[in-house]
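Below: the structure, in structure tokens.
The values are calculated or read from the model by the stated rules, or taken from the named source; none is laboratory data. Keep in mind the model is a prediction, meaning the values are calculated, not measured. Cβ: placed from backbone, ideal geometry, glycine included. Neighbour counts: every protein chain shown.
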Amino acid sequence: MKRKGDIADFFVKRHKSGPDQAQADPTPKTSSPGSSQPGASQARCLVCSSVNSIGIDKEQGQGVSLSREWMNFEIQVSGQGSRTTSLSILRNKVRKHALSKAHTQAVKVAEQQKEAAIENAVETMTESYMKETEAVFRTAYHLAKKNRPFSDHESLIELQELNGELQSRSITLLRAEHLLKRSIRVIQSFKESPGEKYSEALEAKQTGEYRSIALKTNAKLKSINPGQFLQSLVNNLEKRLSFEDETIMDLSILDQSKWPSKPSIRHGEEQVKRLCKRFNLCTDQALNGMRDLLEEPSSEPKDLKPLMNCMKTFPVGTAECERNFSLMNNISSDKRAVLLISNISNLMMININGPPTSKFDPRKYTRTWLKSHRAASSVRSRQCSVKAPAESKFVWNIL
């Protein structure tokens, strides 16, 4: 049975000339306290070093602070005299530390962390701590969200919208398929019913004049068959835009307009399985949602929402890729510090898919930081000081 405050329970020892080593045997390697020789070693308290702070419990932890000597390998293990004497001195140090109020509070905090009680304590923390730390996260998120070089490209949104509805970021693949098929039908209709511009061209050919300008025949220009040209255009579009792709067929399984009059309860089962495999979703949950939808077409099954959300993530055109490449070039530029790939990926994720600053909720990130004692008003971190340029103060006084 171990005694309270046993050395093996809460201390590790390291040699100055080597890496940290956790040892249960407290045998000192030298007999010279404070020696800097390679044989000298030091100890620390595992509990105090892991807790690092009494925490947010102000009533029990008020006026108590953890010993930095026991936290930072500053307790000398070696002692003068024999091994028994050195061991006895070290045990006395450990026993005094184990019975101290600071160590007792550290043990309580460690136990609370294991039981996840610290999360409940953060919930009851004063609102001022939460608000000031949330402000830090909002500021950091705003800097990542409003990347200055990339924000300049937001002026191109109007041009992208003028290029057509396919440039919209909110359009889905099924919606794009519907628009493309409709455009092809419009082109086919021109063979039977000429459009406004083509009618003007035919009228100008007959009258030999277009907007008071006389038209002359040019033998070098060969006319083409309009119907043949339009049909060739339709064929090329259908060949390039394969509407019989398996992915499109799977995505259209939720389109009720394409269902049979009396669909089976297992209708679309294979398509749902393929989509779940593609998106790494729970197949059973999606199938249950699909069956609920078949039984009640007007409902919105909860089990089917994850699949429906993933179906909206398919990129429709190259416009989205161009946005991402442009953003990556602006983030990873020569004028900025060297960033890791993971940092660039995180910044791109915030810019592309992150909510606007007004809808960003930093509370869950604040809880994690406060749990690690990283409040915005903490005195442990380096304080930020803003110095205004002296030469501008005189101008500001005039304004």
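Whether a residue is closer than 30 Å to Ser189 by Cβ, among the hydrophobic types (A, V, I, L, M, F, W, C), more than 37 Å from the chain's Cα centre (by Cα) and modelled with pLDDT under 85 was assessed, and Leu233 does not pass this test. Of all residues in the range 199-211, those that are over 18 Å from Ser189 (Cβ atoms) have Cβ atoms under 9 Å from Cβ atoms of residues that are of a type in the set (Gly, Ala, Ser) and in a helix (DSSP H, G or I), 6 or more apart or on another chain, in Tyr210/Ala201; Tyr210/Ala204; Arg211/Ala204. In summary, Arg266 fulfils each of the numbered conditions (1) over 18 Å from Asn309 (Cβ atoms); (2) surrounded by 13 or more Cβ atoms within 10 Å (Cβ to Cβ) with the single exception of condition (2). Taking the range 50-88 as the range and being at pLDDT 70 or above, in a helix (DSSP H, G or I), of a type outside the set (S, T, N, Q) and surrounded by 13 or more Cβ atoms within 10 Å (Cβ to Cβ) as the test, the residues that pass are Val51, Glu69, Trp70, Met71, Leu87. When the test is whether a residue is in contact (Cβ under 8 Å) with a residue 40 or more places away in the chain and among the hydrophobic types (A, V, I, L, M, F, W, C), Leu237 passes it. Return the residues of the range 259-306 that are outside any loop (DSSP other than H, G, I, E, B), β-branched (Val, Ile, Thr) and in contact (Cβ under 8 Å) with a residue 12 or more places away in the chain; say none if nothing qualifies. Listed by number, the list holds a single entry, Val272. Could you tell me whether Asn330 is loosely packed, with under 15 Cβ neighbours inside 10 Å and in a helix (DSSP H, G or I)? For Asn330, the condition - loosely packed, with under 15 Cβ neighbours inside 10 Å and in a helix (DSSP H, G or I) - is not met.
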